[in-house]
1. Of the conditions (1) of a type in the set (Gly, Ala, Ser); (2) modelled with pLDDT of 80 or more; (3) open to solvent by 80 Å² or more (accessible area, probe 1.4 Å), Ser459 satisfies every one except a single condition; which number is it?
2. Sort out for me the strands (runs of 3 or more DSSP E) sitting completely within the range 150-227 that have 1 or more residues that are more than 29 Å from Trp299 (Cα to Cα) and open to solvent by less than 30 Å² (accessible area, probe 1.4 Å).
3. Filter the range 324-342 for residues that are surrounded by fewer than 16 Cβ atoms within 10 Å (Cβ to Cβ), of a type in the set (S, T, N, Q) and at pLDDT below 90 and give the result.
4. Anything in the range 343-369 that is at pLDDT below 85 and surrounded by fewer than 16 Cβ atoms within 10 Å (Cβ to Cβ)? List them, or say none.
5. Among Ser153, Ser92, which is within 29 Å of Glu277 (Cα to Cα) and among the polar types (S, T, N, Q)?
6. Within the range 69-83, does at least one residue satisfy the condition of being surrounded by 13 or more Cβ atoms within 10 Å (Cβ to Cβ), modelled with pLDDT of 75 or more and assigned to a helix (DSSP H, G or I)?
7. Determine whether Glu321 is open to solvent by 30 Å² or more (accessible area, probe 1.4 Å), under 15 Å from Leu200 (Cβ atoms) and among the charged types (D, E, K, R).
8. Could you give me the residue pairs with C-beta distances under 6 Å whose first residue belongs to the range 325-345 and is of a type outside the set (Phe, Trp, Tyr), whose second residue is open to solvent by less than 70 Å² (accessible area, probe 1.4 Å) and part of a helix (DSSP H, G or I) wherever it lies, and which are 6+ apart or on separate chains?
Amino acid sequence: MKKKSKNPPHFADRLLESFCVPQLLEEVQGDLHELYGEWVEEYGERKANWLYLWHVIKFFRPFAIKRKLQHYTQNTTLMFKNHLLIAFRNFSKRKSFAAINIVGLTVGIACCQLLFLYISAESSYDQHHAHAKDLYRITTSFQNIDGMAEHISTSSPPIAMTMLSEFPEVENATRVISPPGVDENQIKFGEKSLFVDKGLLVDSTFFSVFDYAFAEGNPEKALTQPNTVVLTQELADKIFGKQEALGEIISIGNSIGTYDHKVTGVLQNTGQKTHIEANFFTSMVSDGLGSFVANNDQWAGQNFVFSYVQLNPQSSPHALEAKLPAFLNKYGADNLKELGMSKSLHLQAVTDIHLHSNSEHELGQNGNIVYIYVLSAIAVFILLIACINFMNLSTAKASQRASEVGVRKTLGASQSLLIRQFLSETMLIVLIAVLMSWLLVEMLLPYFNYLIGKDINLSMIHWPYYLLAGLFITIVTGLLAGAYPAFFLASFQPAKVLKGKVTMNLSTGLLRKGLVVFQFALSVMLIIATMVIFKQMQYLQNKNLGYNRENL
């Protein structure tokens, strides 16, 4: 005879588990399982199943039904308000403690934000162009007749425009020339005369390859005619004041020659960063150096032109670069042989120029990615010091809040609820510190710009990203600074606390001492690094060069 199963119906068990309170479930379920075995022996399995289900349903009573914890967790809004109220009460009771924590975090976060602004500004060069990902500069590597190798950021005059006609991958091209030997240009307009640096010659395609906002003029037609010039807004204001500049004739003179130019555009001052910094741009088809470039057919020498190409989005720069040796040999083999040079061409992403370029003969002063890494590490260290300071102060004051923890646990507060409460207090302190740090950054930014020799302003920052960065700093700093104190305070046992037997164990003491040592080690390291850099700069500025600079 087949033995009858003594396992109760699974769905009835799941029903009981779904509504029964945990503290009763094990006992009730065990009793029902024993009864089910007796019912099977007496009535058979089918009737036993129905009896089991009926007793499960009968147990569906108010005292046995699961309920959500009423105090603190049923209403999230009330719980949040309660946490805020407790936090403000604690601040009012311990004003000096809260002030020290807020000031420490404010200074640390403000330093991080200043460094973030610098890093953000340095990393934003040439990112604003519509085709930024497809823009490349043609650089040159060669060996001369003496066997000396050199890598430069320029190339010969015909290369860029020939690539535009030769390769379907190249969608557009332009050239930029900083006139050799010209440090200043004399600009005259009527009775007004001034000396201006950073004047560049560019092709008519320049403003279609690179994006500049125009206050006056049409970027597509601005430099198509000979002897035309586009001015920056700052220079136009110096020359013309509030008068409209478009169509005016100015004289531009330098060591190459003096020529009249018609103003065909004025650039807006958007604050966007680019490695091509200039006060004015003149047309490549102008008289003087422009005529020389137009008639230049050198492929080996005359490497003084900054050449740029815009590739099709589907094209691979590596595949195109692999074609350049054959391309250079096709047009420049005789010229290279005549000069006894070995030359190669390369493509460099425009977005990498400012921080990653180490070529010679750059158009301007570039940054260095190493400095970005160092400053990022310093920012993290400063924030870490501020967080450690907060943790040490919080754990040092732990005994003063032990009674509060004991009373709350006695009244039914769980450890997880206490952790959330202490983290909420920390988040509130950090949020106040972040808001105060924004005010501090606004006050310190002019002095910071003077120190680093940059012109960073908050109008250059995309505020949604800046606010997201502030929110990120708040959350990370709050968790980093508040996690250990929250878990430490919430771990107090109410029986010992209420008897006044709270003691710091050995591991807690060692951890606090370790944090203090680590904090001071980081501080000393940063102070020493600052002193070394300051001494080096002072040495460079005051070094005896062997002549009187003031009289030279």
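1. The failed condition is (2).
2. Per the criteria, 185-189, 192-196.
3. The answer is Ser342, and nothing else.
4. The answer is Asn358, Glu360, His361, Gly364, Gln365.
5. Ser153
6. Scanning the range 69-83, I find no residue that is surrounded by 13 or more Cβ atoms within 10 Å (Cβ to Cβ), modelled with pLDDT of 75 or more and assigned to a helix (DSSP H, G or I), so the answer is no.
7. no
8. Lys343/Leu336; Leu345/Leu324; Leu345/Leu328
The values are calculated or read from the model by the stated rules, or taken from the named source; none is laboratory data. Only a predicted model underlies this, so the values are computations on that prediction, with no experimental measurement involved. Here the Cβ is made from the backbone with ideal geometry for all residues, glycine too, and neighbour counts use every protein chain on show. Only protein heavy atoms, including side chains, enter the accessible area calculation; ligands, DNA and RNA are left aside. Shrake-Rupley method; radii C 1.70, N 1.55, O 1.52, S 1.80 Å.
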